[in-house]
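Written below as C-alpha cells is the structure these notes are about.
What follows draws every value from the coordinates through simple rules; no lab data is involved. Just so we're clear, the structure is a prediction, and the values are computed from it rather than from any experiment. Because the Cβ atoms are built from the backbone with ideal geometry, glycine has one as well, and the counts that use them run over all protein chains shown.
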C-alpha cells in the first residue's frame, strides 16, 4: 500500500532545525522532499553535533532521513531559473530564511505563484512576516526568551531556564507540517495554493495559552515552579528513599483514592485539601506533608503501591534510560538506519502511527548534493548534457558534487 503522502513533491530550502524537522515529518510518510542546499558547506547544521565516522554529524544524519539532497546556487541566474522550473512541477516550497531574503533573490511566493498558482509556500521565521520584530534574527533561545517560555521554566524562585530541547524550533516545525496539510486540503477544493506564515514566537504563545489565560483572569504573572503546575496538584516530582518520582493526581476523584494508599486518609476530607481549588490555596502545607510521606519508602515500593492502584506516576529517566526503556523497546520507537559513510546509526522513529499506511525510516540523510543529477533528471527531465551546462554556468556552484 502506498504511503499517505506519496506523490507530494516538496522543495525544501530550509536549514538548521525548524524547517528540516517539518520536512522530515512529511518525508517519513512518503513525500518526496528535495533538500536544496547552497554549494560549498551546505546547511549550517552539517557542522552541528558530534562527528560520526565518515565526517557526517549525528545532528544532521538524525534529522534528514528520507530526503533527496541537491545543490543549487540561488544567487546565480541559471540556478534561480532551475529552481523556478522545479516550482512549476512541485506542490510545496518550505523555507526558513529571514523575512525578505527570498524577495531579494527573486524567488519569493509572489514570484513562485506566477509560475505555479497551485504552489503552497510555507515560511517559518522567528517573529513572522510582518510586525516590528520581523527583521530580527532569531534562533530558538531568543524566541524562548522573548515569548516568556524561559520565564516560566526552571526552579521556583530562580531566574528561569531554557527548555531542555529546542522547543520553539520543534513547535514551529510541527505547526508548519500541520499548516501544509491544511493548505493541501484547501487546494483539493479550490485548485489554488497559498502562502503559510509560521512564527516561532506565536508557536510558543500557543504552548503558554493556559498561563496567558491565567494572567488575563487574575493579573498574576507566572514564574517558574520547578516540576509543579499551578492549576493542578499534587502534580510534580517528589523525593523518595532512592530516587525521585513524578506524581500526577489529576482529579478530586483520584485524590480520594490516592490519600488512603499513602497512609493519609485524614487528608481526604480535610477542608484544606478536599478539592483542587483548596489544595491550590494551601500548596505549601500539602507539598510539605506529601514530601515527608514519600521519603518513608523507596521508589520501587511507591511504584508498586501507586501504579497497582491506577495512580499516574513515573520515573525521572535520563536519555540512556529512555532509549533502554521497556516501553520504547516494545514499541520499536528507536530504529536502525544504515548510512553509507557513518555506518549503522540509531535514530528516533516516526511518532505518528497509522494502521494502514504507516510512515517509516527508509533512506539515510543525503550527502551534500548527492541526488542533484537524479532529481534534475526526474523532476525537470534534464539530460546529462543539460545538467553539465547548468554546472558550467554556475547554477550548481563552482564545486563538484560529492
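Once P(r) over Cα pairs in 10 Å bins from 0, in percent is worked out from the coordinates, which option in (i) 5, 22, 35, 27, 10, 2, 0; (ii) 4, 20, 30, 26, 14, 5, 0; (iii) 4, 18, 25, 22, 15, 9, 4, 1, 0 does it equal?
The value computed from this structure is option (iii).
Name the shape class, rounded, prolate or oblate, that the alpha-carbon gyration tensor gives for region 1-112, where a ≥ b ≥ c are the square roots of its eigenvalues, rounded holds for a/c under 1.5, and otherwise prolate holds if a/b is larger than b/c and oblate otherwise. Don't jump to the answer; show the numbers that get you there.
On the way: a/c = 1.92, a/b = 1.18, b/c = 1.63.
Here region 1-112 falls in the oblate category.
Rounded to whole Å, give me the distance from the Cα center of region 127-176 to that of region 31-86.
Here the two parts' Cα centres lie 26 Å apart.
Please give, to one decimal in nm, the separation of the simple spin-label points placed at residue 174 and residue 270, each 7 Å out from Cα toward the Cβ.
Using points 7 Å along Cα→Cβ, the separation is 3.6 nm.
Relative contact order for region 11-170 using alpha-carbon pairs under 8 Å, separation at least 6, rounded to a whole percent?
Details: 227 pairs, mean separation 31.9, N = 160.
It comes to 20 percent, rounded to a whole number.
What FRET efficiency would be calculated for the residue pair residue 284, residue 328, taking the C-beta separation as r and a Förster radius of 41 Å, to the nearest 0.05? Don't jump to the answer; show the numbers that get you there.
Working: r = 36 Å, r/R0 = 0.88.
Result of the calculation: an efficiency of 0.70.
For the chain, what is the calculated [θ] at 222 nm in deg cm²/dmol (nearest 500), taking -39500 (n - 2.57) for each run of four or more DSSP H residues and dividing by its residue count? It would help to have the intermediate numbers written out before the result.
On the way: 17 runs with 156 residues, N = 402.
Taking each H run of at least 4 residues, the total per residue is -11000 deg cm²/dmol.
Can you work out D for region 245-315 in µm² s⁻¹ from Stokes-Einstein, where Rh is the Kirkwood radius over C-alpha pairs, the temperature is 20 °C and the viscosity is 1.002 mPa s?
Details: Rh = 12.4 Å.
Here the translational diffusion coefficient equals 173 µm²/s.
Between residue 81 and residue 6, how high is the FRET efficiency from 1/(1 + (r/R0)^6) when r is the Cβ-Cβ distance and R₀ = 35 Å? Nearest 0.05. The partial results should precede the final answer.
Working: r = 28 Å, r/R0 = 0.81.
Taking R0 as 35 Å, the efficiency between residue 81 and residue 6 is 0.80.
Just the Cα atoms of region 216-357: what Rg and Dmax do they give in Å?
When restricted to Cα atoms, region 216-357 yields Rg and Dmax of 19.7, 65 Å.
Could you work out how much longer the chain between residue 141 and residue 335 gets when fully extended? Use 0.36 nm per residue separation minus the Cα distance between them, nm to one decimal. Please report the intermediate quantities before stating the final value.
On the way: separation 194, 0.36 × 194 = 69.84 nm, distance 2.93 nm.
Taking residue 141 through residue 335 to full extension adds about 66.9 nm, to one decimal.
If you count the DSSP beta bridges with both ends in the chain, what percent of them are antiparallel, to the nearest 5?
Working: 14 of 35 bridges.
Bridges in the chain are about 40 percent antiparallel.
Let me know the Rg and Dmax you get for region 313-361 when you use only its Cα atoms, in Å.
Cα only, region 313-361: 13.1, 42 Å (Rg, Dmax).
Roughly what angle does helix 252-261 make with the longest principal axis of the chain, taking Cα atoms, 0 to 90 degrees, to the nearest 10?
That works out to roughly 60 degrees.
Roughly what angle does helix 299-308 make with the longest principal axis of the chain, taking Cα atoms, 0 to 90 degrees, to the nearest 10?
90 degrees
Show log10 I(q)/I(0) for region 103-260 at q = 0.08, 0.09 Å⁻¹, two decimals, from a solvent-free Debye sum over equal Cα scatterers.
Scattering profile of region 103-260, log10 relative to I(0): -0.37, -0.46.
For region 208-242 and region 320-351, what is the separation of their Cα centres, given in Å?
Each part reduced to its Cα centre gives a spacing of 33 Å.
Which part of region 152-171 falls in the paramagnetic zone of residue 230, meaning amide N under 11 Å from the point 7 Å along Cα-to-beta-carbon?
Flagged as within label range: 152.
Could you work out how much longer the chain between residue 303 and residue 134 gets when fully extended? Use 0.36 nm per residue separation minus the Cα distance between them, nm to one decimal.
Result: 55.9 nm gained on full extension.
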